[in-house]
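The block underneath contains the structure these notes are about, expressed in structure tokens.
Read-outs throughout are calculated quantities, based only on the coordinates presented, and are distinct from any laboratory measurement. These numbers come from a predicted model, not from an experiment. Reconstructed Cβ throughout: ideal geometry from the backbone, glycine too, with neighbour counts over all protein chains shown.
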Amino acid sequence: RRGEPHLTNTSPTAQDSSTMGEEWQNSEDTAFQPEEVEPLLNDVVAKVLANEVYDESKVATWVDRICDQSMQKLTQMNKPFKYVVTCILLQKNDAGVHTGQSCFWDVANDNCARIAYPLASKKQAYDPRMYCVVTCFGVSM
């Protein structure tokens, strides 16, 4: 319908008639802040994969540990979010990988954080023969 606001409006006080006039709130307390979460994810991945070289028999364990430890750290932040953590760990063999996500959420408060391991600055010094990508979605409650 013409003239009605839609869900992609990022104004902190935008109203959408389809959501019964709820006001979106956006503040550092209620919005998912990727810049707070990315260092946490980097720390978890670095600890789990420190000094490791790709070994297919260990991949499932590493992925579980990364997801579980990330979720523990996120919940310790005591923020009003539901979290989804994904981890992709693949052997470095010059094959491409493509991933994508699509979300329908509150653009004022929900967001995602994404990290890649090894960090770009550390790739030359340490070659673990693997890549790891961790994504965390924070959806406000």
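Let me make sure I get this right: for the range 36-76, a, b and c are the square roots of the gyration tensor eigenvalues over alpha carbons, sorted descending. Under 1.5 in a/c it's rounded, otherwise prolate if a/b > b/c, else oblate. Which is it? Taking the square roots of the gyration eigenvalues as a ≥ b ≥ c, the range 36-76 is oblate. The shape of the range 64-116 comes out oblate: with a ≥ b ≥ c from the C-alpha gyration tensor, a/c is at least 1.5 while a/b does not beat b/c. Computed from backbone phi, the HN-Hα couplings of the range 65-74 come to 5, 4, 5, 5, 5, 5, 5, 4, 5, 5 Hz, rounded to whole numbers (Karplus: 6.51 cos²θ - 1.76 cosθ + 1.60, θ = phi - 60°; Gly and Pro given as x). Peptides 94-101, 75-82, 50-57 ranked from most to least packed by the mean count of surrounding Cβ atoms within 10 Å: 75-82, 50-57, 94-101.
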